[in-house]
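One structure below.
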Amino acid sequence: WAAWLREHDVPSAYPVVLTDLVPIDGPGDPLAKATMVDWQWDQAAHLAGALAAHLAGPAAPIGLVAGPAVLTQRRIVSAFTAGARAHRPGREVLVAHVGGFDDLAAGARLGGLLAEAGCGIVSATADGAGEAGCRAAREHGARTIGFLEPLGVHAAVVDSDVAGVVSRLLAGLI
C-alpha cells in the first residue's frame, strides 16, 4: 500500500485504507496521511466462536464456512476457534474455506457438509458464499450464526457498521 500511495501521491486526495491491521512504517510514512479503518474482525470472530460453542451444547462440533485462505480469513478462523475453545476447551471446530466470496454453490455445498458432519452450529465469514452455506446448513437441521441476513433467520448475527463508517468518512470530506 505504501508504495502505491507514494506513486499516486496527490495533495488533494485523502486515501482511506480499509484494513484489519494498521501498518506502521515509521516517520514519513505516506500512510500517515491516510484514514485507517480497522475492522478487527478477529475480535468479533472470537466472540462468535464462544457463542457458537455455547449454542451447540456440550459435545457437538461447530462449523465455519470461511472465505479464501487469505491472511484476514486465517485470522478470523484462528480467533473463532480460540473463542470456541476458550468457552469449551477441546471443542472440535470444522473449517471449510471457499475459493471465492461469491461462489454461492461452493458455500452451499460446504455448509451442507458441515451440518451433515454433525455441527450443531455453522457460522460464516465468506460474504455471499458464507450465507449460502448457512442456508444449506439450516436445511440440514443446524442452527447458524450469520453475517448478512438478519437475526431471526440465524440464531445470532455478527453485525457490521460498514455503511456507517463509510458514511462518516465521506461526511468528513464534504
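The values are calculated or read from the model by the stated rules, or taken from the named source; none is laboratory data. The structure presented is a predicted model; accordingly, all values stated were derived computationally and were not measured. Note that we place each Cβ from the backbone using ideal geometry, even for glycine, and neighbour counts take in every protein chain shown. Remember, those area values only see protein heavy atoms, side chains included, never the ligands or the DNA or RNA. Shrake-Rupley method; radii C 1.70, N 1.55, O 1.52, S 1.80 Å.
Figures for the structure shown
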| read-out | value |
| --- | --- |
| Residues satisfying the stated conditions in segment 59-110, i.e. of a type in the set (K, R) and in contact (Cβ under 8 Å) with a residue 24 or more places away in the chain | R75, R85, R88, R91, R109 |
| Residue check for H46: in contact (Cβ under 8 Å) with a residue 24 or more places away in the chain, part of a helix (DSSP H, G or I), open to solvent by 10 Å² or more (accessible area, probe 1.4 Å) and under 15 Å from V158 (Cα atoms) | yes |
| Qualifying residue in segment 111-122 (condition: part of a strand (DSSP E or B), surrounded by 24 or more Cβ atoms within 10 Å (Cβ to Cβ) and either in contact (Cβ under 8 Å) with a residue 60 or more places away in the chain or over 15 Å from the mean Cα position of the chain (by Cα) (or both)) | yes |
| Hits in segment 49-100 (condition: outside any loop (DSSP other than H, G, I, E, B) and touching a Phe, Trp or Tyr at 6+ places or on another chain (Cβ under 6 Å)) | G49, L64, I76 |
| Qualifying residues in segment 89-110 (those that are under 11 Å from I62 (Cα atoms) and among the charged types (D, E, K, R)) - the one most open to solvent (accessible area, probe 1.4 Å) | E92 |
